[in-house]
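One structure is given below, encoded as structure tokens.
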Amino acid sequence: MTESTIVIVGSGVSGMSAAVSAAQKGISITLISNAGLAGASSLLDQEGLNAVMPWKNDGDSIERHFEESIETSQFLARQDFVRHMCEEAPRFVSYLERIGLLFSRSATGAPLFKKLKDHSHPRTLFCEERTGFQISQILNQQVRRFEKAGLIQRREGWEFLSVVIDQRGVCRGITAMDRTTMEIKSYPADAVVMASGSYGGLCMPSKGGYFCDGSAAGALYGQGVFLANLEFTGTGGIWVDHRQMTNIEGLFAVGSASMAYQGAQSLPGNRLLSNLHSGFSLVDSSVHYISSLENKVSQISPDLFLEEIRRQHFFNQTFLDRSGNENLYELKTELGDCITQYAGVNRSEGSLKKGEEKIRELDSRLKKLNLSDHSNWRNHELLDARRFYYMLDVALAVVKGALLRRESRGTHQREDYPKRDDRNFLKTTKIAFTPLGPEIEYEDIHLKYLKPQAPALAVVDESWNRVG
Amino acid sequence: METITLKIKRQERPEAPYYWEDFKVSYTPGMTVTALLTQIQKKPINDRGEATQSVVYENGCCQGACGACTMLINGRPRLACSTIADHLSAPIVLEPLTKFPVIRDLVVDRSRFFNDLIRASSWISSDFNNPDAGLVIPSESIQKSYRELSSCTFCGSCLEACPQYNSRSSFVGAAVIGQIRLIHLLPMGRMEASQRLSIMMEEGGVEDCGHVGNCVKACPEGIDLRSAIARIEREVTVEAVRRLLG
Ligand SMILES: Cc1cc2nc3c(=O)[nH]c(=O)nc-3n(C[C@H](O)[C@H](O)[C@@H](O)COP(=O)(O)OP(=O)(O)OC[C@H]3O[C@@H](n4cnc5c(N)ncnc54)[C@H](O)[C@@H]3O)c2cc1C
Ligand code: SF4
Ligand code: FES
């Protein structure tokens, strides 16, 4: 394949994994991100990496790792993904070691394992306090390797704006804007992979990194892509099917951008592992999809892309034209405070309704925005304004999801519904954008390997009742 | 609430002239330089009371891990997100790094650095499906060096501080040499050493180092770049002799 037909958005552990694994198979790809590793919360992940190593005779097993992952997810994680992830974990460890990662070891040279919360056995490898940083850097070396070989085209400093969808509803590429020249370009592709990270920065930008605000997912959501499970702080994301494909054909999502692996809460040490696993599993499903495509992107009229570029220019202009007295960064701070206060660890119908009201207020104040910068060169304010616009949509979806889920499960703890209710809510929350607000639908979970032990009504097992 | 003055070197575009603008921002102890810059975004008004364009600066991890926010703070390269204003003398003078082309205000284009990292080939060529060669566990002292060298955030402070690194020379600088040393610490990494040493022998390679040692003082991670450079110099010498004897 000479032409780059796969575009990956996001250069954290999941995006780099997808890029490197494609390159290893000789597939050339384009890796786009607004800030490269500087925008990746992968860099900050300190939890470590779970793997049940076959040589470790301590009674642990891949089965236990799987069960504990699913139990901690409170049965909302995708069992087939998680199972395969647990099985493959030791191979990721050997691969990472082979490309030069050094896990922390004892004086005798044996790798050290931490026993983290919710684990029955010590099975978390780590690189001192910097596991995410070290894994990110080692993958970044591999990305450079394939850049030099011409298989990865890295485009850093490009802000993802939108996907390009044809008349038949098939994703044909993306538009992105150069953060310096503010040029908007399209990147035609047969498959687009969103690896744009989580929405953790919605409330605390200084904790998860400046760019991890969920705005890329928000932009997709506005274009008709379903989000899911957002009420579970930090584990929801873009809805995907068993191929990691979204509801738009040809559009995939991996890593923390997707909702597949974590369910209601993630087992500590599974996040980096799931980022690696989802990135590496993606290649086969996207290649399979591309081979089944009747019309390749090369046969698509350039007008489709020009039209989307025009739409994005127009959207930029709507921000530049606003002439009110609201300061973007004040609004952003208020949104963060709002999520923390009303949709944080302690939430109830009352607080969530207040949150909803506040978000709608911020939305109307955004119309009276006053940017200090109207230039067309490295205009961070314009970029941030666009991001904020989408963050509001995501925030509203978080609150709506939390309001309707009248139970407590994982990281979603309702003061007014303190019990888990499997009868009504052993389900995936699927969220669709409408101009009037989020529309929510519940989807059944495929309990393929493991079922809750007592799936009766509103059972509380006290061990589930942990907060946050 | 106290106020503090920021004196910022500004430039609208690469080809535009620079100018200085002062800002009085509210300040509470413990605030970082990045937090002070956020205050300007919230109130883009200079110390003469004039409305102005808010200052453009780079933000990333906010936790000292990505190097994106490096700028000159009171004349020294530092990470804005990790530099607490309390101990800085006022006014706090902020300038973009001088060794890279300015894009706008405090944002520079570090692509020369990133391209040199690709050129240096500091990686191990092995794929997911390759068989395991059996891991050789490095000694504790090697592990210690590895931890140190692998903590590089690619902030570029060492390049800023280096008199040999500038637009007139093609010197790759301390961080890139450090990355080669990092890979050469590992047995698997040594397999392609010859290729990397060739790059180190070319123009812009390790021989351009002037041994001033500013890089060590500038590095926020405290990486001993001086000994990494010395090791690569030795490897280059040995390689040259080896090639001579052919
Ligand atoms: C404080 C903290 C909070 C965390 N919160 C969560 C959480 O809520 N959920 C969770 O699953 N994990 C969370 N994590 C864990 C961590 O984010 C994941 O484990 C991380 O490894 C995810 O990797 P990733 O590759 O999916 O995304 P990231 O490593 O975040 O990478 C995202 C990439 O996408 C790019 N990008 C983002 N938006 C755009 C855009 N519009 N255009 C172009 N590029 C873009 C970024 O620049 C970056 O390169 C958190 C970690 C920390 C330290
Ligand atoms: S070696 Fe130190 S100063 Fe140089 S780029 Fe790396 S972290 Fe920054
Ligand atoms: S923002 Fe990442 S080091 Fe400062």
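A few comments on the model shown:
- Overall form of chain A per C-alpha gyration tensor (a/c, 1.5; a/b vs b/c): oblate
- Rolling a 1.4 Å probe across all protein chains gives residue B:20 an accessible area of roughly 100 Å².
- Relative contact order of chain A, defined on C-alpha pairs under 8 angstrom at six or more residues apart (%): 19 percent
- Alpha carbon centroid spacing (whole Å) that separates the stretch B:1-39 from the stretch B:85-157: 26 Å
- Per-residue 3J(HN,Hα) values for the stretch A:188-193, derived from phi via the Karplus relation 6.51 cos²θ - 1.76 cosθ + 1.60 with θ = phi - 60°, read x, 7, 7, 9, 10, 10 Hz in sequence order (x marks Gly and Pro).
- Set A:368/A:430; A:117/A:448; A:185/B:43; A:332/B:99; A:332/A:358; A:185/B:9 screened for pairs whose C-alpha atoms are more than 23 Å apart: A:368/A:430; A:117/A:448; A:185/B:43; A:332/B:99; A:185/B:9
- The stretch B:111-245, relative contact order in percent, only Cα pairs under 8 angstrom and at least six apart counted: 31 percent
- Overall shape: oblate for the stretch B:158-230, with the ratio a/c of the largest to smallest alpha carbon gyration tensor axis at 1.5 or above and b/c at least equal to a/b.
- The stretch A:379-419: GluC sites (Glu not before Pro) falling in loop per DSSP and having at most 13 other Cβ within 10 Å: A:415
- Listed residue (A:424, A:341, A:312) projecting farthest to the positive dipole end of the stretch A:303-425, Cβ model: A:424
- Of the residues B:134, B:30, B:49, the one that moves most in a GNM of chain B with alpha-carbon contacts below 10 Å is B:134.
- In the protein assembly as shown, helices alone account for a calculated mean residue ellipticity at 222 nm of -11500 deg cm²/dmol, with every DSSP H run of four or more residues adding -39,500 (n - 2.57).
- Alpha carbon convex hull of the stretch B:111-245, projected area averaged over orientations, nm²: 9.0 nm²
- Residues residue B:137 and residue A:353, FRET efficiency given R0 of 60 Å [Cβ-Cβ distance, rounded to 0.05]: 0.55
- Buried between B and A is an accessible area of approximately 4800 Å², summed over both sides with a 1.4 Å probe.
- Rounded FRET efficiency, nearest 0.05, which uses the C-beta distance separating residue A:334 from residue B:226 and R0 of 56 Å: 0.70
- Remark: spin-label model distance residue A:301-residue B:147 equals 6.2 nm, labels positioned 7 Å along the Cα→Cβ axis.
- Computed magnitude of the charge dipole of the stretch B:2-108 (debye, nearest 20; Cβ of K, R +1, Cβ of D, E -1): 120 debye
- Candidates per trypsin sites (Lys or Arg not before Pro) in the stretch A:21-73, loop by DSSP, up to 15 other Cβ within 10 Å: A:25
- Shown for chain B are the DSSP H helices of 20 Å or more along their axis, judged by Cα atoms, with a mean Kyte-Doolittle hydropathy of at least 0.0: B:225-245.
- Charge dipole (debye, nearest 20) of the stretch A:303-425; +1 at Cβ of Lys and Arg, -1 at Cβ of Asp and Glu: 380 debye
- Taking θ as phi - 60° and the Karplus parameters 6.51, -1.76 and 1.60, the scalar couplings of the stretch A:168-183 work out to 8, x, 9, 6, 10, x, 9, 10, 8, 10, 5, 5, 8, 7, 6, 6 Hz in sequence order, x denoting glycine and proline.
- Of the chymotrypsin sites (Phe, Trp or Tyr not before Pro) in the stretch A:37-124, those whose Cβ has at most 12 other Cβ within 10 Å and which sit in DSSP loop: A:55
- For a modelled paramagnetic label at residue B:127, 7 Å from Cα along Cα-to-Cβ, the residues of the stretch A:1-41 in reach, with backbone nitrogen under 16 Å, are A:1-2, A:17-29.
- Cα shape, the stretch B:2-108, gyration tensor, a/c 1.5 rule: oblate
- Accessible area (Å², per residue) of the stretch A:293-431, counting only protein heavy atoms and a probe of 1.4 Å: 43 Å²
- Straight-distance crosslink candidates among lysines, where the alpha carbon sits under 25 Å from residue A:25 and sequence neighbours closer than 8 are dropped: A:148, A:296
- Note on the protein assembly as shown: dipole from Cβ charges, positive end direction compared against A:93, A:389, B:201; the farthest Cα belongs to B:201.
- Between the stretch A:91-152 and the stretch A:202-263, the alpha-carbon center distance in angstrom: 25 Å
- Cross-link partners for residue A:400 among the aspartates and glutamates, with Cα-Cα distance under 15 Å and sequence neighbours closer than 8 places in the same chain left out: A:231, A:349, A:356, A:357, A:439, A:441.
- Cα centre as origin, Lys/Arg/Asp/Glu Cβ charges: the protein assembly as shown dipole, Debye: 700 debye
- Each label was represented as a point 7 Å from its Cα along the Cα-to-Cβ direction; for residue A:439 and residue A:415 these points are 3.3 nm apart.
- GNM top mover of B:16, B:35, B:228 - chain B, alpha-carbon springs below 10 Å: B:16
- Projecting the Cα atoms of B:26, A:257, B:171 onto the dipole axis of the protein assembly as shown, where Lys and Arg carry +1 and Asp and Glu carry -1 at the beta carbon, places B:171 farthest toward the positive end.
The values are calculated or read from the model by the stated rules, or taken from the named source; none is laboratory data. Only a predicted model underlies this, so the values are computations on that prediction, with no experimental measurement involved. Quick reminder, even Gly has a Cβ in these numbers, built from the backbone with ideal geometry, and neighbours come from all protein chains shown. Note: accessible area is taken over every heavy atom of the protein model, side chains too, but ligands, DNA and RNA are not part of it. Shrake-Rupley method; radii C 1.70, N 1.55, O 1.52, S 1.80 Å.
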